[in-house]
Each structure stands twice: as structure tokens, then as C-alpha cells.
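Heads up, the thing below is written out as C-alpha cells.
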Amino acid sequence: MADSDAEAAEEPRDATDINQDSLVRVGDFVGLCAGVIEQDDMSLERSNLSQQALADLMEIPSATVEELGGVCSVDSLGFPKETSLAMKRVDLTNGIPPGAEELQTVLTRKKFLEDGKLRRSYNSLSWELERQHMINAPNEESMLTEPEAVLTAIIFHPVVKNFRAIIDREILVLGQQCLTDLRDSILCVSDLSVSGDFSEAPNLPQDNKAQDNFKSAFFFIENTFYNDMRDPLCRDLSEPIREWAKSRRKGWPLTFDTKKMEETNFNDLSIKLGKPYLYCHQGDCEHVIAFADLRLLHADDCHDVSQYPLVTRKISYQRMLCRVCKRFTSKWVTENDCHAPEDPCFFCDVCFHMLHYDKQGQKIGQFRAYPFLDKGVFS
């Protein structure tokens with residue numbers, strides 16, 4: 001009996017048989033919401049209720065609604081000391097301006113700017129990113145008129161620091177969009193890096209970026225590899241993994257499927273909210289991704305499909321300053337450098353040339369030099 005149970009446990013089984021009850025199919029979400037939400041609540045149009053309709057909805061007298069409208073209006077949220085500062089961006093570099101000494105928000109903002117640690121670890125303007133689409137003229141041809149599912153995708157930084165996952169950015173995607181749309185919106189310095197030792201000819205053009213040579217990538221979601229095969233140079237990066245799984249002596253308990261990323265949209269996915277999935281590119285650069293939220297598009301959202309995927313939050317990285325001048329962003333990194341006190345060592349363009357080359361541009365000493373792209377420039 002024990003032997004038969006062991007054999008049954010070792011038999012390959014399809015991944016779709018596992019934890020099906022906790023999976024959510026994105027394409028069914030709008031229909032499920034339509035069954036429990038009133039049609040007016042699913043509308044993308046802003047509803048302008050009359051005073052009497054609002055009073056009936058809140059089950060209070062109409063006079064009370066009128067009084068609340070006056071008390072809660074934007075015009076009543078200020079006091080005389082704020083009049084001169086209204087609708088202005090307060091510059092706190094030279095201290096708190098006159099008339100704002102008692103404003104708690106300004107005092108908090110000043111303390112925040114003075115705290116260098118907080119300024120390095122958090123982008124204080126990240127909350128504004130979701131509204132950046134408002135400055136763009138809407139494209140009438142791509143405006144949504146029907147309810148749509150919206151996913152919040154969280155992209156983690158590929159490096160785990162102090163055993164803690166670091167969120168790189170949060171991105172809103174629509175259910176009708178393809179996985180390639182999300183892939184193209186993920187910014188990683190490994191895609192923009194230039195490989196090779198430039199120590200012998202540092203003035204050569206640095207236009208041979210990694211993303212132009214290595215275009216393959218995949219998402220691994222619920223035991224399915226979604227490969228980007230849009231370019232003839234792309235290849236199936238998941239093939240070695242699947243072959244390794246098949247070659248295991250005792251047999252791998254799951255079977256893996258493969259699909260094309262460009263032919264799959266988010267409505268086709270069945271996911272678990274909060275579960276970590278994988279995005280892999282450049283061969284071995286791996287990002288953990290998770291879908292933190294699934295909701296309906298509402299009236300206050302951007303309805304222009306061309307604006308999505310929409311970045312709503314991104315981390316602010318500290319710049320890697322030049323080790324010589326301590327002022328400018330590093331553009332070069334050297335290894336086995338006889339002129340540097342540490343290995344590797346980072347230099348701005350000016351200090352790098354002054355320290356490593358003579359007036360004729362000839363290399364001085366032994367070292368290897370590589371172009372360095374600081375992720376802090378994207379913050």
C-alpha cells in the first residue's frame with residue numbers, strides 16, 4: 001500500500017489541478033462584479049447628484065446637505081495666513097516663508113527635507129505619479145467607455161538587501177492589454193548597460209546596449225512560461241528549465257506550459273493576488289512580481305488606454321557619486337585599477353580621464369574600465 005502511494009505521488013500531475021479554488025481569472029472579474037454591483041456604480045461617468053437626491057440617499061434633510069456643502073467646500077479649508085500661499089509650491093530651501101510659520105504641513109515638509117536618510121530612501125513626489133496623465137491631451141480614439149479590470153502589478157528590485165525585498169515600482173495595467181505591454185514598462189539598468197572593456201578606447205560610441213542584443217524574456221505565472229517572441233532574435237529562455245525538470249531522476253511533480261507573451265493578455269490569466277511570480281530577462285536578471293490588487297476602472301481613473309501601463313509609484317535611488325570629486329554622478333567603473341583605492345571604483349567622466357590617461361589620450365597603468373549606468377538618474 002505504501003509503495004502504491006509513493007508511485008502515485010511521483011506521477012506527474014497538471015498544475016491546473018492544484019489550488020484551483022484560490023485562483024482568480026481576470027477576464028471573469030468584470031462579469032462577477034456586474035452580478036453584485038449596480039449598473040450606476042460600474043459606470044465610468046461621474047455622477048452629479050442633485051441636492052435633493054443626495055439628501056434622499058443619505059436619509060437626511062435637504063437643509064443639512066446644503067449646510068455640509070458649505071462647511072466642506074474647498075473655499076472653507078483655508079484661513080487668512082494661507083491666502084498668500086494658496087496654489088503655490090512653497091520653497092523651503094531658504095527657510096519657512098512669512099505667514100506659514102504655524103502651518104503644520106509646511107513644518108512637516110521642512111523636517112522631511114532636513115532628514116537626509118528619509119530623502120534618500122523615499123521619493124516624496126511618488127504620490128503624484130498617478131495623476132501625471134492629466135497633463136497629456138486625451139486620445140479620443142482610445143478612450144474607454146465600458147467597465148474594465150485594472151491590475152496593480154508590483155515590480156521588485158532584483159537585488160535583495162538585508163533579506164528584505166525592495167519594491168522598485170508599481171504599475172497599473174488593464175485587463176485587455178498584452179503581457180508585452182507590462183514587460184516594456186519595466187525599467188531595469190541591465191537592459192541599458194553596455195558590455196565590454198573600454199579602457200583602451202574610452203571615446204568609442206557606447207550605443208551597443210544589452211536590450212538590443214538580448215531581447216528574450218519570460219514571465220512565469222502559475223506554472224506557465226510566457227515568452228517574448230516578437231523579434232526573430234528572441235529564443236525560449238524557459239527551455240533549459242523545462243528540460244532540467246524533465247531530466248530529474250524521480251520525476252518533477254508538475255508540468256509546465258509555454259505561451260507567447262505577445263499573444264496573451266491579462267484577461268487570459270488566472271492568478272493569486274499577492275503571490276510572487278517571476279519576470280526574467282537578460283538571461284539571468286530576475287525580478288519578482290506580484291499582483292497586489294484587482295479592481296474595476298472607476299470614474300476618477302485615466303480612461304485613455306494609450307496611457308497604460310501607468311506607473312503609480314517608484315523608488316528613489318541614491319546616486320553613485322564619483323569617488324574623486326564626490327560631486328558628479330559616476331559614469332565609469334574600474335576593476336584591478338592601480339590608481340584606485342578600492343575595487344571596483346567609480347568615477348565621473350572628467351575625473352576618469354584625468355586620472356587614467358595622459359594629454360595624448362594614452363592609457364596610464366593597468367586597469368579595466370566599463371561604462372556605468374547609475375539607476376539613480378531614473379529617480
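The values are calculated or read from the model by the stated rules, or taken from the named source; none is laboratory data. Since this is a predicted model, take the numbers as computed values, not measurements. Virtual Cβ from ideal backbone geometry, glycine too; neighbours counted across all protein chains shown.
Assorted remarks:
- Residue in the stretch 294-321 that is farthest from the chain's Cα centre (by Cα), counting only those that are part of a loop (DSSP other than H, G, I, E, B) and among the small types (G, A, S): A299
- Pairs, first closer than 13 Å to L297 by Cα in the stretch 34-49, second polar (S, T, N, Q) and at pLDDT 75 or above, C-beta under 7 Å, six or more apart: L44/T145
- Single unsatisfied condition, D301 versus (1) crowded, with 17+ Cβ neighbours inside 10 Å; (2) within 19 Å of L373 (Cα to Cα); (3) among the acidic types (D, E): (2)
- Qualifying residue in the stretch 334-343 (condition: free of Cβ contacts under 8 Å to residues at least 40 places away in the same chain, in contact with a Cys (Cβ under 7 Å, 6 or more places away or on another chain) and acidic (D, E)): yes
- Scanning the stretch 322-346 for residues that are surrounded by fewer than 17 Cβ atoms within 10 Å (Cβ to Cβ) and under 28 Å from the mean Cα position of the chain (by Cα) gives F328, T329.
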